[in-house]
Structures are given as C-alpha cells and as structure tokens.
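The values are calculated or read from the model by the stated rules, or taken from the named source; none is laboratory data. As the structure is a prediction and not an experimental result, all values here were calculated from the model. Neighbour counts are summed over all protein chains in view; Cβ atoms, including those assigned to glycine, are modelled from backbone coordinates with ideal geometry.
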Amino acid sequence: MSAAIQLICHRAGALRLRWWPGQLRQLRALLDDHSFWAQGRSPAQLRQMLAGSQAVVSAWRGGRLVGFGRATSDGVFRAVLWDVVVAGEEQGQGLGRQLVEALLASRNLAGVERVYLMTTNSTGFYKRLGFDVITNQKLMILDQSSG
C-alpha cells in the first residue's frame, strides 16, 4: 500500500523548497517530466521563482514530490496561478483540485478580487473549478528570453 499524499502549504518564498537540495532537485524533475512550459529551469532560476511567489503548495507521497503549484499576488486585487503540475500517475485523482484550492485559500490569495491563469490544454479542468474562459481580453507577451 502506498503512502498517503501530504499537502504542504509553504510560507511565501518557500524557503524549505528553495534551500533543501533534494527537494529542489525533485521540483526540477517534476517540472521537467510533467510540463512542457517549465522544462530546463536551473536551480538558481527555481530558487528565484520560489522567492518571488506569495503562495506555494507542494504534494508529497512519502518522500517523493508528486504535485506543485504556486501563485503571485498583490494580496488585494489580482493573483495569478503558475506552474500547477501533477505527476502523471497521480492525475485524475483530485490532487490538482487540492493544489488549486490550497493556493486560493492561502493567506496571500484568499479574498483577492480576481485570479488569473494561463493554460494551453487544461481548460476543462479549470472550468470545473469555477474559472471562466475570457474572450474579450487578449493575452499579450513581451518575450525577453531571446535577448
């Protein structure tokens, strides 16, 4: 029988995830293996990303990271969910819902006026959680990564 999943709601900046090498390695592997948009992030980039996040939630089965999500927010008007990822073998069992609900209930997001997110292929999942597709706004991007 496998261990139960433990959900951890980290403090802003996720100090433990940032500085425990084994946890940071597991986060990198989860993102590399189960997302297309967050592959190849360096440990330094992950540390900076976590430091700038106001809400971070991780899910563990035993000592193995199986889910992760984070958010940024001004704490009053706007928040954005980022990098909600669930390991493939854990998908379809409600873990993604638990991650999102924990992020929304976190001290820095609870009660904000609007919560945004971007998704490529999980629209149905987020609609089931109460998010709406907005057609009267345009997603715009300034890509500064290509220098």
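Overview of results
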quantity: The listed residue being over 21 Å from residue 6 (Cα atoms), in contact with a helix residue (DSSP H, G or I) (Cβ under 8 Å, 6 or more places away or on another chain) and either hydroxyl-bearing (Ser, Thr, Tyr) or surrounded by 17 or more Cβ atoms within 10 Å (Cβ to Cβ) (or both), out of 50, 65, 81, 46; calculated: 46
quantity: Pair list, Cβ < 6 Å and 6+ apart or interchain, from region 86-100 residues that are within 19 Å of residue 9 (Cβ to Cβ) and among the acidic types (Asp, Glu) to residues that are modelled with pLDDT of 95 or more and not in a helix (DSSP H, G or I); calculated: 90/66
quantity: Unmet requirement for residue 37, which otherwise passes all of (1) more than 13 Å from the chain's Cα centre (by Cα); (2) modelled with pLDDT under 95; (3) not hydroxyl-bearing (Ser, Thr, Tyr); calculated: (1)
quantity: Identity of the residue in region 62-102, in a loop (DSSP other than H, G, I, E, B) and of a type in the set (A, V, I, L, M, F, W, C), that ends up nearest to residue 22 (Cα to Cα); calculated: 87
quantity: Leading residue by the ranking (nearest to residue 83 (Cα to Cα)) among those in region 14-35 that are part of a loop (DSSP other than H, G, I, E, B) and in contact (Cβ under 8 Å) with a residue 24 or more places away in the chain; calculated: 35
quantity: Residue match in region 103-124 (condition: part of a helix (DSSP H, G or I) and within 16 Å of residue 27 (Cβ to Cβ)); calculated: yes
quantity: Any hit, region 25-35, residues being over 21 Å from residue 92 (Cα atoms) and of a type in the set (Gly, Ala, Ser); calculated: no
quantity: Output for region 10-34, where each listed residue is under 21 Å from residue 115 (Cβ atoms) and either touching a His at 6+ places or on another chain (Cβ under 8 Å) or loosely packed, with under 15 Cβ neighbours inside 10 Å (or both); calculated: 11
